[in-house]
Amino acid sequence: NANSKKNNAGREELLKASVKGATLESLFPILDSFDMAFNGKAWEDVDEVWRVGVEQIHSQILEVLGGTYKPFGEVGDTFDPQRHEAIGNEKGGKADTIAQVVRKGYETKEGVVRAAQVIVYN
């Protein structure tokens with residue numbers, strides 16, 4: 001009947017959205033690895049052609065996520081416990097300001113999917 005078909009179609013769409021979300025979220029650790037490499041001191045010593053190629057791959061992954069997920073968490077941002085997970089404190093800067101981003105967070109238009117792990121000035 002029509003109601004059964006409508007219910008099945010609705011469940012199918014929810015399942016597709018769930019699988020898509022899980023697939024995209026599985027890219028987060030890969031992006032974390034890129035961020036760690038880019039922030040390492042040795043990154044600037046890498047051959048420029050190779051470095052640019054790797055940065056382009058990183059950009060392509062972010063473009064795939066861009067329609068759904070947006071990264072956040074930057075040094076200098078104000079600490080927000082709804083968006084950030086403080087994993088350490090540091091002296092010397094403006095209180096409740098992010099001193100270091102250990103792992104970027106990701107959000108959708110619905111809200112935070114993964115909190116950014118940060119070190120905060122106290």
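What percent do you get for the relative contact order of the chain when only Cα pairs under 8 Å and 6+ apart count? Over the chain, the number comes to 21 percent.
Quick check on packing: order 85-91, 114-120 by the mean number of other C-beta atoms within 10 Å, highest mean leading. Write down the numbers at each step before the final one.
On the way: 85-91: 12.6, 114-120: 20.7.
Highest to lowest by the protection proxy: 114-120, 85-91.
3J(HN,Hα) couplings calculated from phi for region 41-57 with the Karplus curve 6.51 cos²θ - 1.76 cosθ + 1.60 (θ = phi - 60°) are, in sequence order, 4, 6, 4, 5, 8, 6, 3, 4, 4, 5, 4, 5, x, 5, 5, 5, 4 Hz; Gly and Pro show x. Put simply, the amide H of F79, placed in the peptide plane, has neighbours under 5 Å in T97, I98, leaving out anything fewer than 5 places away on its chain.
Each Lys and Arg contributes +1 and each Asp and Glu -1, all at the Cβ; summed about the Cα centre of region 56-122, the dipole is approximately 80 debye. Taken over the C-alpha atoms, region 70-122 has Rg and Dmax values of 10.5, 35 angstrom. A crude spin-label estimate for the pair E85 and R51, with each label 7 Å from Cα along the Cβ direction, gives 3.1 nm.
Can you show me the helix-derived [θ] at 222 nm for the chain, built from DSSP H runs with n ≥ 4 at -39,500 (n - 2.57) apiece and divided by the number of residues, rounded to the nearest 500. Mind dumping the intermediate values first?
Numbers: 3 runs with 55 residues, N = 122.
The helix contribution divided over the chain gives -15500 deg cm²/dmol.
Every number here is computed from the coordinates shown, using simple stated rules; none is lab data. As the structure is a prediction and not an experimental result, all values here were calculated from the model. No Cβ is skipped: glycine too gets one built from the backbone with ideal geometry, and neighbour counts run over all protein chains shown.
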